[in-house]
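Report on the following structure.
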Amino acid sequence: MDDATPASVTPGDQPVAAPAQPPAPRSRRLRSAVTVALVLALSGLMFTANARLARGDDSRHPENLAQLVDRESDRVADLAEQVDALTAEVARLSSTGDAPAGVDPDLAARTAVAAGTTPVTGRGVSVTLDDAPPEGNYPPQIRPDDLVVHQQDIQSVVNALWAGGAEAMTLQGQRVTATSAFRCAGNILLLHGRVYSPPYVVEAVGDPEALRDALDRSPGVQVYKEYVDAVNLGWSVEDEPEIEMPGYQGALELRYARPAGAVAS
């Protein structure tokens, strides 16, 4: 076998190596590092803010229904105090001490009592309703809903007292008028923008005997008394020799009857 003779290479034919990549400027590397650091810092701030909002730290907004009710109740109470002060000022400025010309003073006084706008003092009754004890030896068919006072229970008492000739009435110390509306949510009562918890007290000015008879005749009250016996719901009726009732201080929203088919103004 012949020895291979390496090809001759002239100096001009030597391969030329690729030039080395020049190093990146120092300022560019520094700028990139600062940019990354800023992005990480901003991300950390965003995560921290989200976490604090999730926990409710320094939040101005309530996180649940109970907080919302408490906050709105406080706000309504503040506004009600302002309304009371303004109403008293209006009454002071507009009061003349006499009925308008041509109006029977006795009729004006009776109308004010019926509307609930004037304070009333007289004998009557007080009715107290309360939830049953949460713990008790109750039958299996008794539900938690059976252990609380419901809206219809209070309505039955109020309607029975009106039917019994009540001249004026309060619920939780607030004057009840023809336009009063109350709602129960769970075991709390909403009346005129305020929140109350049991026991619930209804006071009525009138003949105590007639008011008691009206309560005894009410079908709704009789149903409530069945649960009083079954689960020990709170119930008491007391004669009161003198009840002092304030006048209603809120705005009276009145609507008047009109012929059928007439367009409301």
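The values are calculated or read from the model by the stated rules, or taken from the named source; none is laboratory data. Just so we're clear, the structure is a prediction, and the values are computed from it rather than from any experiment. For neighbour counting, all protein chains shown are included, and Cβ atoms are generated from backbone atoms with ideal geometry for every residue, glycine included. Note: areas computed on protein heavy atoms with side chains; ligands, DNA, RNA excluded. Shrake-Rupley method; radii C 1.70, N 1.55, O 1.52, S 1.80 Å.
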Filtering region 216-245 down to residues that are under 11 Å from V157 (Cβ atoms) and under 28 Å from the mean Cα position of the chain (by Cα), which residue is most open to solvent (accessible area, probe 1.4 Å)?
W235
With the condition kept exactly as written, say whether any residue in region 130-150 is surrounded by fewer than 20 Cβ atoms within 10 Å (Cβ to Cβ) and part of a strand (DSSP E or B).
yes
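Residue by residue, here is whether (1) outside any helix (DSSP H, G or I); (2) on the phi < 0 side of the Ramachandran plot; (3) out of contact with any strand residue (DSSP E or B) (no Cβ under 6 Å at 6 or more places or on another chain); (4) at pLDDT below 90 holds:
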site	(1), (2), (3), (4)
L161	no, yes, no, no
L190	yes, yes, no, yes
P198	yes, yes, no, no
A214	no, yes, yes, no
G220	no, yes, yes, no
S236	yes, yes, no, no
Of those in region 62-77 that are open to solvent by 100 Å² or more (accessible area, probe 1.4 Å) and modelled with pLDDT under 80, the residue farthest from the chain's Cα centre (by Cα) is E63
Yes/no for V231 being at pLDDT 90 or above and in contact with a Ser or Thr (Cβ under 9 Å, 6 or more places away or on another chain)
no
Condition check for S95: loosely packed, with under 13 Cβ neighbours inside 10 Å, within 25 Å of R175 (Cα to Cα), modelled with pLDDT under 60 and not β-branched (V, I, T):
yes
Mind counting the residues in region 150-174 that are more than 20 Å from L190 (Cβ to Cβ) and under 27 Å from the mean Cα position of the chain (by Cα)?
1
Do you know which residues across region 167-185 are out of contact with any helix residue (DSSP H, G or I) (no Cβ under 8 Å at 6 or more places or on another chain) and either exposed (fewer than 14 other Cβ atoms within 10 Å of the Cβ) or not in a loop (DSSP other than H, G, I, E, B) (or both)?
T170, G173, Q174, R175, A181, A185
Scanning region 188-215 for residues that are of a type in the set (S, T, Y) and surrounded by fewer than 19 Cβ atoms within 10 Å (Cβ to Cβ) gives Y196, S197
